[in-house]
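A.B. asks: Once you've had a glance at the structure underneath, I'll fire off some questions.
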Amino acid sequence: MSGPDLVVVGAGLFGLTVARRCADDLGLHVLVVDRRHHVGGNAWSAPEPSTGIEVHRYGAHLFHTSNERVWEYVNRFTAFTRYEHRVWARHRGEMFPLPFSLATVNQFFRTALDPAQARALVAGQAAEVRGVPDNLEDKAVSLIGRPLYEAFVRGYTAKQWQTDPRELPPEVITRLPVRWTYDTRYFDDTYQGLPVDGYAAWFARMVDHPRIEVRLGTDFLDPAQPVSRASAVGQVPVVFTGPLDRYFDDVHGPLSWRTLDLEQEVLPVGDHQGTSVVNHVDLDVPWTRVLEFRHFHPERRYPDDATVIVRERSRWAGRDDEPYYPVNGTGDRERLLAYRALAREERGVLFGGRLGTYQYLDMHMAIGSALTAVDNVLAPRLVRSAAV
Ligand code: FDA
């Protein structure tokens with residue numbers, strides 16, 4: 001490729017969607033760079049070598065959407081299995097379905113209430129909080145009552161945030177939905193599933209295009225790289241999906257994130273926990289979740305004498321950790337406004353994706369916002385300047 005029409009920094013789902021649409025629909029030559037050694041960003045997966053079991057390297061990734069346009073778009077590159085995600089919570093030696101449903105409520109209270117009775121029970125328990133809650137605990141109790149909060153939310157939240165929930169702001173929880181039915185699926189989107197031949201195959205198809213070139217192991221913020229902020233910005237349009245604060249050398253201070261420690265283990269058994277995800281909600285268990293990857297693909301033939309599990313622990317991210325969940329504290333919100341102002345002034349650079357906008361995005365949201373960014377921002381600007 002002689003001189004690209006567009007440089008896309010970051011080969012996650014936002015960057016890949018922008019790159020592919022600009023190549024397909026606008027006829028642009030696109031150079032995609034990523035500092036990692038694979039495409040797909042955090043949604044990437046690879047087989048564990050000794051078992052062949054597909055492991056999501058940056059935490060469990062389940063595809064789900066109700067957005068018809070996104071569903072049509074992703075199906076150009078992969079078919080999806082009919083996997084429906086379900087999560088179980090382990091509390092004091094018992095297993096309960098999550099998110100909260102009539103099944104959880106009736107099992108927890110050892111009753112057989114109908115939906116109206118169960119609603120009335122929980123509403124009565126939630127009524128203990130009067131006025132506007134000023135911490136996470138009161139907010140959660142006002143939504144689901146104290147017994148369910150104490151069992152399923154308190155310990156898990158304390159482990160996730162390394163903070164007592166009474167010290168956390170109420171906004172950390174906006175909703176704690178309860179389904180008043182026995183539908184125990186985790187997502188209620190119209191479409192859900194997993195890529196039939198894995199995430200890596202999906203992403204490889206997205207970049208398999210004569211007008212897309214990919215350069216891996218390339219940190220765009222390192223001026224020693226052949227393609228970098230120093231050499232490219234101002235010369236060629238750039239879509240940047242790396243961390244917003246890092247792009248501006250943290251001038252307003254770093255935005256804070258939580259990260260996950262993912263401890264992987266191959267166990268010499270055919271099945272460890274009988275399901276893909278178990279949340280460990282009690283404080284005396286140090287991890288928050290255990291993932292068992294074979295259960296994401298019950299349709300595949302995996303070994304019957306080995307299984308791969310990952311134990312997840314959550315903590316504040318240090319500078320060299322993977323940023324996973326934006327903290328969005330008061331200081332972060334002020335810093336974010338200051339970075340957004342800088343981003344608006346940065347000519348020829350579009351900031352996108354979860355790191356570039358400092359917000360949690362599910363995969364379908366990253367893809368949807370990339371499709372819209374091409375329609376509304378890139379197509380009007382780039383079609384005129386590129387040799388299509
Ligand atoms: P993403 O982070 O994927 O990609 C950004 C890329 O930019 C990375 O590859 C990075 O290496 C690169 N980059 C950064 N700085 C760079 C630099 N200076 N130079 C070059 N490259 C640079 N969603 C969902 O729908 N279902 C799910 O089950 C889950 N599960 C889930 C679990 C966990 C633990 C997390 C943290 C997130 C999820 N998600 C999810 C969300 C999903 O991961 C998210 O939607 C996508 O990663 C968003 O894609 P992006 O392209 O925005 O970022």
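The values are calculated or read from the model by the stated rules, or taken from the named source; none is laboratory data. Here the structure is a predicted model, which means the values were calculated and not measured. With ideal geometry, Cβ positions are generated from the backbone for all residues, glycine too; neighbour counts draw on all protein chains shown. The area values use the complete protein model at the heavy-atom level, side chains included, leaving out ligands, DNA and RNA. Shrake-Rupley method; radii C 1.70, N 1.55, O 1.52, S 1.80 Å.
A.B. asks: Roll a 1.4 Å probe over the protein chains and send me the accessible area per residue for region 100-172 in Å².
C.D. replies: Values: 3450 Å² over 73 residues.
In whole numbers, region 100-172 has 47 Å² accessible per residue.
A.B. asks: Could you look at region 304-367 and say what percent of its accessible area is carbon and sulfur, using a 1.4 Å probe and all protein chains?
C.D. replies: On the way: 1580 of 3280 Å².
Of the solvent-accessible surface of region 304-367, carbon and sulfur hold 48 percent.
A.B. asks: Which number do you get for Rg(Cα) / (2.2 N^0.38 Å) in region 239-342?
C.D. replies: Numbers: Rg = 18.8 Å, N = 104, 2.2 N^0.38 = 12.8 Å.
Compared with the compact-globule rule of thumb, region 239-342 sits at 1.47.
A.B. asks: Now for a different question. Which ³J(HN,Hα) values in Hz, rounded to whole numbers, follow from the phi angles of region 218-230 under the Karplus curve 6.51 cos²θ - 1.76 cosθ + 1.60, where θ = phi - 60° and Gly and Pro get x?
C.D. replies: 10, 8, 5, 8, 8, x, 6, 6, x, 10, 8, 3, 5
A.B. asks: Return the carbon/sulfur percentage of the accessible area of region 100-172, one whole number, probe 1.4 Å, all protein chains in place. Write down the numbers at each step before the final one.
C.D. replies: Working: 1770 of 3450 Å².
That fraction is 51 percent.
A.B. asks: In region 110-201, what trypsin sites (Lys or Arg not before Pro) fall in a loop by DSSP, with at most 10 other Cβ atoms inside 10 Å? Present the calculation step by step, with values, prior to reporting the outcome.
C.D. replies: On the way: sites: R110, R119, R130, K139, R154, K159, R166, R175, R179, R185; in loops: R110, R130, R175, R185.
For trypsin sites (Lys or Arg not before Pro) across region 110-201 that sit outside H, G, I, E and B with at most 10 neighbouring Cβ atoms in 10 Å, the list reads R110, R130, R175.
A.B. asks: Scan around V87 for amide H atoms under 5 Å from its own, H built in the peptide plane at 1.01 Å from N, and keep only partners 5 or more places away or cross-chain.
C.D. replies: L98, Y186
A.B. asks: Here's another thing I want to ask about it. Antiparallel DSSP bridges in the chain: what percent, to the nearest 5?
C.D. replies: On the way: 31 of 50 bridges.
Of those bridges, close to 60 percent are antiparallel.
A.B. asks: Give me the distance between the Cα centres of region 200-216 and region 1-73, rounded to whole Å.
C.D. replies: 8 Å
A.B. asks: Taking amide hydrogens as modeled 1.01 Å from N in the peptide plane, which residues meet the under 5 Å criterion relative to F80, leaving out close sequence neighbours?
C.D. replies: Correct list: V196.
A.B. asks: Another question about this same structure. Got a number for the accessible area of R57? Probe 1.4 Å, square angstrom, nearest 10.
C.D. replies: So the heavy atoms of R57 present about 80 Å² to solvent.
A.B. asks: With axes computed from alpha carbons, what is the tilt in degrees of helix 13-25 against the longest principal axis of the chain, rounded to the nearest 10 within 0 to 90?
C.D. replies: It works out to around 40 degrees.
A.B. asks: Specify the longest stretch of the chain that does not include any exposed loop site, a site being one of the GluC sites (Glu not before Pro) with a non-H, G, I, E, B DSSP assignment and at most 14 other Cβ atoms within 10 Å. Could the numbers behind the result be given before it?
C.D. replies: On the way: sites that count: E84, E128, E299.
By the stated rule (loop sites, at most 14 other Cβ atoms within 10 Å), 129-298.
A.B. asks: While we're on this one: Under 5 Å between amide H atoms, partner at least 5 residues away or on a different chain: which partners does S101 have, H built in plane at 1.01 Å?
C.D. replies: Residues meeting the amide H criterion: R179.
A.B. asks: Let me ask you something else. Angle, helix 115-126 long axis vs. longest principal axis of the chain, Cα atoms, 0 to 90°, nearest 10?
C.D. replies: It works out to around 90 degrees.
A.B. asks: Counting other Cβ atoms within 10 Å, which trypsin sites (Lys or Arg not before Pro) in region 308-388 have at most 12 and lie in a DSSP loop? Kindly include the intermediate steps, with their values, before the conclusion.
C.D. replies: Working: sites: R311, R313, R315, R319, R333, R335, R340, R344, R347, R354, R381, R384; in loops: R319, R347.
When the trypsin sites (Lys or Arg not before Pro) of region 308-388 are filtered for loop state and at most 12 Cβ neighbours within 10 Å, R319, R347 remain.
A.B. asks: To the nearest 10 degrees, how steeply does helix 330-345 sit against the main Cα axis of the chain, on a 0 to 90 scale?
C.D. replies: 20 degrees
A.B. asks: Please report the spacing between the Cα centers of region 243-269 and region 276-322 in Å, no decimals.
C.D. replies: Here the two parts' Cα centres lie 17 Å apart.
A.B. asks: To continue, here is another question. Calculate one ³J(HN,Hα) per residue across region 284-292 by plugging θ = phi - 60° into the Karplus curve 6.51 cos²θ - 1.76 cosθ + 1.60, and present them in order as whole Hz with x for glycine and proline.
C.D. replies: After applying 6.51 cos²θ - 1.76 cosθ + 1.60, I find 7, 9, x, 8, 8, 9, 10, 9, 10 Hz.
A.B. asks: Roughly what % antiparallel, to the nearest 5, for the DSSP beta bridges in region 1-136? Working shown, then result.
C.D. replies: Values: 8 of 12 bridges.
Of the beta bridges lying entirely in region 1-136, close to 65 percent run antiparallel.
A.B. asks: Here's a follow-up. If V251, V153 are ordered by their accessible area, calculated over protein heavy atoms with a 1.4 Å probe, which sequence runs from highest to lowest? Write down the numbers at each step before the final one.
C.D. replies: Details: V251 95, V153 10 Å².
Ranked from most to least accessible, the order is V251, V153.
A.B. asks: A further question follows. Cα centroids of region 124-147 and region 329-388: how far apart, whole angstrom?
C.D. replies: So the separation of the two Cα centres works out to 37 Å.
A.B. asks: In cubic angstrom, how much convex hull volume per residue do the alpha carbon atoms of region 1-89 span?
C.D. replies: On the way: hull volume 13.3 nm³, N = 89.
Per residue, the Cα convex hull of region 1-89 comes to 150 Å³.
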